Amino acid sequence: MHDYLNGAPCGYFSFNDESILLSVNDMLCRLTDYKRDELTGKNIEFILTLPSRIFYQTHLFPLLKMRGRAEEIFLTILGRDKTALAVLLNAVKNEEDGKPVYQCAFITVPNRKKFEDELVAARNKAERALKENSDLLRIRFELQEQAAQLDAQLALVKKHNQELIQLNRVVTHEMQEPLRKISMFSEMLTEEKFAAFDKDNARKRLANASIQMRTVVSGLQQFFWLEEAGDKKVNVDLNKLIRVVALDVEAGTSKDSISISADTLSGLYANPEQMKMLFYELLCNSVRFAKDGRRADVVVTTTEIQRNSFRQIPGHYNYESYIKIDVADNGNGFDPQYAPRVFDLFVRLQSNTGGRGIGLALCKKIVENHGGFISIDSALEKGTTVSILLPVHNDLLSPKSDHLL
Amino acid sequence: MITKDVIARNNVRVSGKGQPMLFAHGFGCDQNMWRYLTPAFENDYQIILFDYVGAGKSDKNSYEPQRYETLQGYAQDVLEICESLSLRNVIFVGHSVSGMIGLLAAVERPEIFSDLVMVGPSPCYINGDDYIGGFERSDIEGLIETMERNYIGWANFLAPAVMGRADRPELAAELNESFCTTDPVIANQFAKATFFSDNRKDLRKLKTNTLLLQCSEDIIAPLPVGDFLHREIPHSVLKVMKATGHCPHLSEPEETISLIKEYLATKK
């Protein structure tokens, strides 16, 4: 090192990419009370306080590496006797033997630090006063509460609205078609020009159309009569519930039509009847869409995650715990472009599977009754995964009596 | 949120073709810090870079203090980027705090991610009973103080931060020149969200295969932290690097690249 630099009225040091000190000048040695050979070869962190080490790693090193220079950086240097020394530092990146060398010069700023300390204290006090103003806090809390209520009401209104739109669609399409058939075939029965054979056929078609009509009406009934989950929630053991529902599904189809694998699942706080209905519909779907009538292998998992509980009002955030339940099968799957529509009433992607077109609509309504979210992901030939998010309620922490199925 | 908004909000940059590789920068910097790594992958992978809201060239007007109070809000950024680009089978590479941000995102939506690569991660920075994070609360408060002093730039310092400084764009430009993260208020909150986070109980929930890159001398993520992560994350591989410090992708890009490539090769 040049004598001028060694005796300069500022601290000087240089280090490399590995943060190893290559050279230090007299001033730095004097300020830290270390000898030159005690510092060179050491990591630069050796002469920094812990907060300055973090700052060096997260800010200063990346900055130097990428921009090649840094100016007016405030750091605290640590001396032998553990006194912290406030410094302002300038640094540049140069090259020596093809490798980067970072050269730094600094001056001590004890007085500036005192002045800044006072400014920081004054500013923080002003900010705290503003933030902690109790009236403001109370109003903010009330606003958040009201926003949450509004959000819930908006969600409910939106849900009812969508149901009305769906009802309208069902009345205009799903019910018109059988009605048209009924009126057409009953006309055939009264007109004399038709032969007995045709009339027999018309009678059969008439019966079919009325069965179709009855299916639509009973489906509608089930969908619209499904009540809000409300106060009928209890702690539900999902492990038990899934097993019971799988037995029901087998009873309705055939033995060994379904196999469930599940680790220990989280408990739920929910309406048990509706949960049964929900998982019954989901598992039935897995059986219905199993490959070539093979056994449906269904994997059920639960994970606890955090999710913004605001659904309708943008710009509001309140992260709450939700249980995420994934029900994944290995069936035929479907083209994921249809995913947004499958939760609508009487939407069937395949007409020959015996579904009523109400199952997933019912599932969505049940999940939303519980303040939850439902989504579906599918890949052709690979299978379908339904994901359900249900809010965890604190009640779960102090379990009441387990609900017996 | 409309797709275009997310792309502009997070300054998302896409290049290359192939399996998507999403690079998430850490606390204190922006997407530029990946510049030594990405050239090694852009022939075989689709490279996606972005800035968290508040960092780099992101849209700082989109910053919502409530949203970004915890790492969850940042994980939402990641998921929204994946959603708006319809990404699947994503290799997520996250530096520092982005390791845990990636973890939260992959726990919520495992179907999006094929692998996580965490560079210098830590699930909890503050020491606890039977846990060595490396820091005490007072150290972090000291860091926040150091940051505040470095954002001072005397003039803007005098105005209480809560009053904002939209009326002084030239100051922002100046700060932008000197630091990766521009807005002191946002940087302050990000520091708190980062260093006061505790995701230890989330580690076991991760189902995605994970590569942990641990530097040999890193005060921010010391060796016991790497061991803890490896023990708790079910499908994880731990590599202790020769590189020291907290930014091996800056100081030892070759080693970082070869370890990531070596790991990805085992997937083929």
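Could you pull out the residue among B:T256, B:T210 that is part of a helix (DSSP H, G or I), in contact with a helix residue (DSSP H, G or I) (Cβ under 9 Å, 6 or more places away or on another chain), crowded, with 18+ Cβ neighbours inside 10 Å and modelled with pLDDT of 95 or more?
Details: B:T210 fails: part of a helix (DSSP H, G or I).
Selected residue: B:T256, the only one of B:T256, B:T210 that is part of a helix (DSSP H, G or I), in contact with a helix residue (DSSP H, G or I) (Cβ under 9 Å, 6 or more places away or on another chain), crowded, with 18+ Cβ neighbours inside 10 Å and modelled with pLDDT of 95 or more.
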Inset, instruction - Report yes if some residue within the stretch A:303-313 is hydrophobic (A, V, I, L, M, F, W, C), more than 14 Å from every other protein chain (Cβ to nearest Cβ), closer than 15 Å to A:I388 by Cα and out of contact with any Ser or Thr (no Cβ under 6 Å at 6 or more places or on another chain); otherwise report no. - result: no
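Which of the residues that make up the stretch B:231-245 are within 17 Å of B:L211 (Cβ to Cβ) and either of a type outside the set (A, V, I, L, M, F, W, C) or part of a loop (DSSP other than H, G, I, E, B) (or both)? Steps first, answer last, please.
Start the filter on the stretch B:231-245 by keeping residues that are within 17 Å of B:L211 (Cβ to Cβ), which leaves B:231-243.
Listed by number, the residues that qualify are B:R231, B:E232, B:I233, B:P234, B:H235, B:S236, B:K239, B:K242.
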Legend entry - Scope the stretch B:215-242; condition more than 19 Å from B:R204 (Cα to Cα) and polar (S, T, N, Q); matching residues: B:S216
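Looking at this structure, is A:E45 surrounded by 15 or more Cβ atoms within 10 Å (Cβ to Cβ) and either of a type in the set (A, V, I, L, M) or within 11 Å of chain B (Cβ to nearest Cβ) (or both)? Before you say what the answer is, go through the steps one by one.
Details: surrounded by 15 or more Cβ atoms within 10 Å (Cβ to Cβ): yes; either of a type in the set (A, V, I, L, M) or within 11 Å of chain B (Cβ to nearest Cβ) (or both): yes.
Taking the combined requirement at face value, the residue satisfies it.
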Inset, instruction - Hey, could you check the stretch A:314-336 for residues that are within 11 Å of chain B (Cβ to nearest Cβ) and more than 12 Å from the chain's Cα centre (by Cα) and say which is nearest to B:E108 (Cα to Cα)? - result: A:D326
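Restricting to the stretch A:189-229, what's the tally of residues that are small (G, A, S) and in contact (Cβ under 8 Å) with a residue 60 or more places away in the chain? First the steps, then the outcome.
At the first step, the residues of the stretch A:189-229 found to be small (G, A, S) are A:195-196, A:202, A:207, A:209-210, A:218-219, A:229.
With in contact (Cβ under 8 Å) with a residue 60 or more places away in the chain added as a condition, the list becomes A:219, A:229.
Looking only at that region, the number is 2.
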Legend entry - Residue list for the stretch B:3-56, filter: over 16 Å from B:A75 (Cα atoms) and hydroxyl-bearing (S, T, Y): B:T3, B:S15, B:Y36, B:T38, B:Y45
Inset, instruction - Tally the residues that are surrounded by 12 or more Cβ atoms within 10 Å (Cβ to Cβ), part of a helix (DSSP H, G or I) and among the hydrophobic types (A, V, I, L, M, F, W, C), restricting the search to the stretch A:248-271. - result: 1
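For A:Y269, are the conditions met, namely being in contact (Cβ under 8 Å) with a residue 60 or more places away in the chain, closer than 30 Å to A:A296 by Cβ and within 28 Å of the chain's Cα centre (by Cα)? Break it down stepwise before answering.
Numbers: in contact (Cβ under 8 Å) with a residue 60 or more places away in the chain: yes; closer than 30 Å to A:A296 by Cβ: yes; within 28 Å of the chain's Cα centre (by Cα): yes.
The answer is yes for A:Y269.
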Legend entry - Candidate set from the stretch A:1-22 (those that are among the aromatic types (F, W, Y) and surrounded by 15 or more Cβ atoms within 10 Å (Cβ to Cβ)); member that is nearest to the chain's Cα centre (by Cα): A:F15
Inset, instruction - Please tell me if A:V120 is over 23 Å from B:F135 (Cβ atoms) and either touching a His at 6+ places or on another chain (Cβ under 9 Å) or hydrophobic (A, V, I, L, M, F, W, C) (or both). - result: no
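Each row is one residue, and each column tells you yes or no for (1) surrounded by fewer than 16 Cβ atoms within 10 Å (Cβ to Cβ); (2) without any contact (Cβ under 8 Å) to a residue 24 or more places away in the chain.
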{"position": "A:V24", "(1), (2)": "no, yes"}
{"position": "A:K35", "(1), (2)": "yes, yes"}
{"position": "A:T58", "(1), (2)": "no, yes"}
{"position": "A:L63", "(1), (2)": "no, yes"}
{"position": "A:M66", "(1), (2)": "no, yes"}
{"position": "A:N94", "(1), (2)": "yes, yes"}
{"position": "A:P110", "(1), (2)": "yes, no"}
Legend entry - Residues of the stretch A:289-326 satisfying the condition of being of a type in the set (K, R) and crowded, with 20+ Cβ neighbours inside 10 Å: A:K324
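The values are calculated or read from the model by the stated rules, or taken from the named source; none is laboratory data. As the structure is a prediction and not an experimental result, all values here were calculated from the model. Here the Cβ is made from the backbone with ideal geometry for all residues, glycine too, and neighbour counts use every protein chain on show.
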